[in-house]
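In what follows, a single structure is set out as structure tokens and then discussed.
The values are calculated or read from the model by the stated rules, or taken from the named source; none is laboratory data. Fair warning: this is a prediction, and the values are worked out from it, not measured in the lab. So basically every Cβ, Gly included, is an ideal-geometry build from the backbone, and we count neighbours across all protein chains shown. The protein model used for the area step is the full one, side chains on, heavy atoms only, and it has no ligands, DNA or RNA in it. Shrake-Rupley method; radii C 1.70, N 1.55, O 1.52, S 1.80 Å.
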Amino acid sequence: MAVQPEVKNKTLLETALGLADDTFTRITAGISAGEFRRMLRGEAPGKPNPRLKPHTEAFLLHIKPTYYHESVTRFTHTFRLGLLSTYLFFVETITGLFLMIWYAPSPDRAYTDMTRLLSNVPFGQFMRDLHRLGAEMMIVVVVAHMVRTYLTGSYKPPRQFTWFTGVLLLVMTLFLSFSGYLLPWDQLAFWAVTIGTSMADAVPPQIVGATVNLLARGAPDISANGLLRFYLLHVFFLPLLLILFFFVHYYKVVHFGISLPAQEEEVGQDTASKVPADRRVYYLPDVLLDETMFLIGFTALMIVLTVFFFQAPLESIANPQSTPLHTVAPWYFYWLQGLLKIANKMVAGVILPGVLLGLLAGIPYLDPNPSRRGKDRRVAIISGIIAGVVMIIWSWMGTPYYAVRAAPATEIVQELIPEEGAGLVRELGYARLPNGIYDTTKEMLPEATLADYEKTNPGFVELLHEFKSLTAEFDKEDKDFNEPQSILTISQEQPHLKRIQWTITWKDAKGKDGKFTRSFFIHEDSMYWEQYGLRDFSYLSKPEKAK
Amino acid sequence: MRKPWYFWLYVRSPITKILLGMLAVLISFAALAAQGMFENKRMEAQTDNWHGRSVEKGAEIFSSNCYTCHGVDGKGLPGVAPALHSRYFFTQRMKDVGWAGSLHDYIALTVAAGRPSKSKSQWSQVMPTWSSKYGGPMRDDQVEQVTQFVLNWQEDALTQDWGTPAITSTTGVSGTGGVTGTTVTPMVNLDPFQPFHDGPSKAPTNTITYTVGTLGAAAVGTTAALSATLPQSAEAAAPAGPRPPQELYTAMACSGCHKIDQDQTPDNQGQPGPNQGNLHETAATRVSGEDAETYVYNSIVNPSAFVVPGYPDGIMPKDFKTKMSEEEIRSLVKWILDPNRPK
């Protein structure tokens, strides 16, 4: 641009302002400074709308629609769940990238890499917790997105294929989360994934199942090869697949438009793509502002949750020789674990989930009702609610409280100090477990001590109470567990190390004596935590250690 | 479209939206700043946490594999395996074997690769190779956990007295004012180190003032400054009254060498000491003129009087008479010879 003649024509100031405006317009991909000001002031766009230019100029904006129907921009119509699941995928990518810096997918290193990440990397635990929280939230959000679509009947023609790609995305999200589960290489990961892949084994015919299982695990048992495969699935293959299907899904969403609230249009009509001029809400600036502020708010929520509440669990290192009692799948697969308890592996692990998935994907074709109005869809909505309730019941059956109770003595100890994870005793911690012998058949604490502990150490009093009531409960329930005597012995094993010994004796139905003893150890410095509870910040008040 | 009843909940003003967004940014930064402020302390606590957890795991491994030879509290069993919970072990042992590395590495290597034992060594048991690298059952991380557990004795071991027995009360047992069933047992915090006879100790003799003991007097030889006996006062602190023979059998470390649940047969003589499952049949035939009871009694109080052919002399400790009362030895003999003893 020839500046000199312009300066001659206009003044210097005007030329400079013109250049500045030009630069601004380039950065905003077509919005001039004056138009930006009018946007901020909430003024209506002129005609023709000068705010549409960025949609043709900028890549990220060209995939967004230029305007929406006013009624679908209301928060409570979509809850912005689709946007949110996309955003969570983005969060997972960023945090995952940071985690990859400190992680090598090999059984020799994976677990120590995790402990090193937690104890030597500034914000390392934050990144890991955020990644885990994002993964769990993503599943919740994707499922909620699907439930919303179901309830508003938005899967109906012409959006059947959009729904189908959505079901694929749900499956990919679940697999992404599950494949990430193995990577820390702890007991939780190892056994959940061993159970998960063993379901592939049940795929008929036998040769196919065995091959799929072998391909997933990389060996008859999960080991270095299996870990590498899951790692590659998690960081490479599944994300790529998900990105591909996301674009297919989103293209369809934009193509057909977000379905309007049912009462906005006649039954059987679909007018989402023909928005009357007076109902248009332009993406720039209104929807963009809403979406941005919503995501900023959501990010703040995630950060606060991660800093103060949520902690990703890390159990002891994977041990193929010992299965911890009550191994559970991740919560979003509890329903599958529940099914596996009542049917054999082929039915519950392959056929039923396959049928369920087929039903889910086929919903648009199974539901011939053209109306999307709630009062016309009683059958669909009620059967949806029933399906939800059934899922919750199956999930409950997946928890250790259903059908896999071990012997009473084992169960009592497991309840208080599980083989893996926190539990009442470990959460109390070294300092609040006074040495002594506590016998449920006698006065567990002398009165003076009890009164003292109720003030200074209520958690321990609660523990003793729980120990006693659990023993009494099993005494009542189980006819092979009579006249029990449960003794908890806490003693000093080493400096800074206490031995927690459980001795439980009982008589079975025939009067034969039974005995159970088990020792655990608790170190002064170890911290055990609950996944979803308030964080333990007690280390902040710990005095500096003399080194 | 009709406005829904919750319409008032919608934030409509763009300015309010922007302000709320800015507030969220502020909250995020505040939370991140808070995290950043205690990041150093958190990392320290996490380092300690994972160390603590590995000590816990190590304790589990020790209490299921190692205690049979090294003793429940790591103070060793005479003639079977040396003490690890010992001042000598933490301060002098490395110098004596000429180990240039750290104690951590010394322990880890011994656990992983084991320790050879000569047939006439003072230790009746060979230290097995534990690491799966050398054919044992443990993974590397488990070897590390046991090592951390053994190292965790350091603080207590360093307070041990080299020589004169001092009676101190145990750390922390009760003291909470009469918790039911708790007994406060005084513990003799004396170095329980039992001499390694593999070479003279380079420790100054005036700091290790063990009284010349009865344990393998023949083996003392060049290591006169470094022979020891378990202090008599340790027994003084033991509970009064005779202990039951089953308990004695393990407490006196008989079980370290003899298998009471296996018969001695030509194919299965028993190592390092003869099997004792069928001793009630064979005892009377060993020494002419001694009936079964006399023979077993003499073998306990004076092991060298008769050594079963094929076994070396001088391995079995000779101080049992000082460690058990007459009554206890008699009951032990009876128990060993009882053909109906539950196996």
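Pairing the Cα long axis of helix A:352-366 with the longest principal axis of chain A, what angle in degrees results, from 0 to 90 and rounded to the nearest 10?
Orientation of helix A:352-366: about 30 degrees from the principal axis.
How would the stretch A:1-125 be classified by its alpha-carbon gyration tensor: rounded, prolate or oblate, with rounded meaning a/c under 1.5 and the a/b versus b/c comparison settling the rest?
oblate
Taking the simple approach of a point 7 Å from Cα along Cα-to-Cβ for both A:ASP278 and A:LYS479, what is their distance in nm?
7.9 nm
Under the definition of Cα pairs under 8 Å and six or more residues apart, what whole-number percent is the relative contact order of chain A?
Relative contact order here is 14 percent.
Of A:LYS252/A:LYS274; A:LYS64/A:LYS252; A:LYS64/B:LYS3, which ones are farther than 18 Å apart at the Cα?
The pairs that break the limit, which is 18 Å between Cα atoms, are A:LYS64/B:LYS3.
Roll a 1.4 Å probe over the protein chains and send me the accessible area per residue for the stretch A:29-109 in Å².
55 Å²
Given labels modelled 7 Å from the Cα in the Cβ direction, how far is it in nm from A:GLU454 to A:ARG378?
Roughly 5.6 nm, to one decimal.
Straight-line reach from A:LYS507: which aspartates and glutamates have a Cα under 13 Å away, not including same-chain ones fewer than 8 places off?
A:ASP475, A:ASP478, A:ASP480, A:GLU483
Once R0 is set to 41 Å, what does the formula 1/(1 + (r/R0)^6) return for the Cβ-Cβ distance between B:MET37 and A:GLN492, expressed as a FRET efficiency to the nearest 0.05?
0.70
Assuming R0 = 51 Å, can you tell me the calculated FRET efficiency for the pair A:VAL140 and A:ARG26, based on Cβ-Cβ distance, to the nearest 0.05?
Working from the Cβ atoms, E equals 0.80.
In whole angstrom, how long is each semi-axis of the equivalent ellipsoid of the stretch A:71-121, when you take the square root of 5 times every eigenvalue of its Cα gyration tensor and sort them from largest down?
Computed over the stretch A:71-121, the values are 38, 10, 8 Å.
Give me the number: length gained by fully extending A:SER322 to A:LYS345, i.e. 0.36 nm times residue separation minus the C-alpha to C-alpha distance, one decimal in nm.
Stretched fully, the A:SER322-A:LYS345 segment lengthens by 6.1 nm.
Can you return the aspartates and glutamates within cross-link range of A:LYS498? Criterion is Cα-Cα under 17 Å, with same-chain partners fewer than 8 residues away left out.
Leaving aside aspartates and glutamates fewer than 8 places away in the same chain, those within reach of A:LYS498 are A:GLU419, A:GLU427, A:GLU524, A:ASP525, B:ASP48, B:GLU56, B:GLU60, B:ASP73, B:GLU155, B:ASP156.
Roughly how large is the A-B contact in terms of buried accessible area, totalled over both chains, probe 1.4 Å, nearest 100 Å²?
5400 Å²
Taking the Cα centroid of the stretch A:50-126 and of the stretch A:330-394, what is the distance between the two, rounded to the nearest whole Å?
29 Å
In the structure shown, do any of B:LYS57/B:LYS95; B:LYS75/B:LYS334; A:LYS542/B:LYS133; A:LYS510/B:LYS75; B:LYS75/B:LYS95 have a Cα-Cα gap over 32 Å, and if so which?
Going by Cα-Cα distance, A:LYS542/B:LYS133; A:LYS510/B:LYS75 fall outside the 32 Å limit.
Once the whole set of protein chains is in place, how much accessible area is left on A:LEU288, using a 1.4 Å probe, in Å² to the nearest 10?
Counting only protein heavy atoms, A:LEU288 exposes about 70 Å² to solvent.
Could you work out how far the C-alpha centroid of the stretch B:296-310 sits from that of the stretch A:186-259, in angstrom?
68 Å
Based on the Kirkwood radius over alpha-carbon pairs, what is the Stokes-Einstein translational diffusion coefficient of the stretch A:409-541 at 25 °C with 0.890 mPa s viscosity, in µm²/s?
My calculation gives 156 µm²/s for D.
Under a 1.4 Å probe, what is the accessible area of the stretch B:1-128 per residue, stated in Å²?
Here the per-residue accessible area is 51 Å².
Let me cross-check A:MET172: its accessible surface, 1.4 Å probe, with only protein heavy atoms counted, in Å² to the nearest 10?
Roll a 1.4 Å probe over it and A:MET172 shows about 20 Å².
How would B:SER63, A:SER538 line up by accessible area, probe 1.4 Å, largest first?
A:SER538, B:SER63
Near the amide H of A:ASP186, under 5 Å away, which other amide H atoms are found, from residues 5 or more places off or on another chain, if H is placed in the peptide plane?
It is A:ALA318, by chain and number.
Run the numbers on the stretch A:409-541 and let me know its relative contact order in percent, using alpha-carbon pairs under 8 Å that are six or more apart.
In percent, rounded to a whole number, it is 26.
Arrange the residues A:SER519, B:SER86 by how much accessible surface each exposes, largest first, with a 1.4 angstrom probe.
Largest accessible area first, the list is A:SER519, B:SER86.
Quote the FRET efficiency, to the nearest 0.05, computed for B:LEU19 versus A:MET391 with a Förster distance R0 of 41 Å and r equal to the Cβ-Cβ distance.
0.55
What does the accessible area of B:LYS41 come to, in Å² to the nearest 10, when a probe of 1.4 Å is used?
The value for B:LYS41 is about 60 Å².
Stretched out fully, how many nm does the piece from A:ASP367 to A:VAL208 gain, at 0.36 nm a residue minus the Cα gap?
53.9 nm
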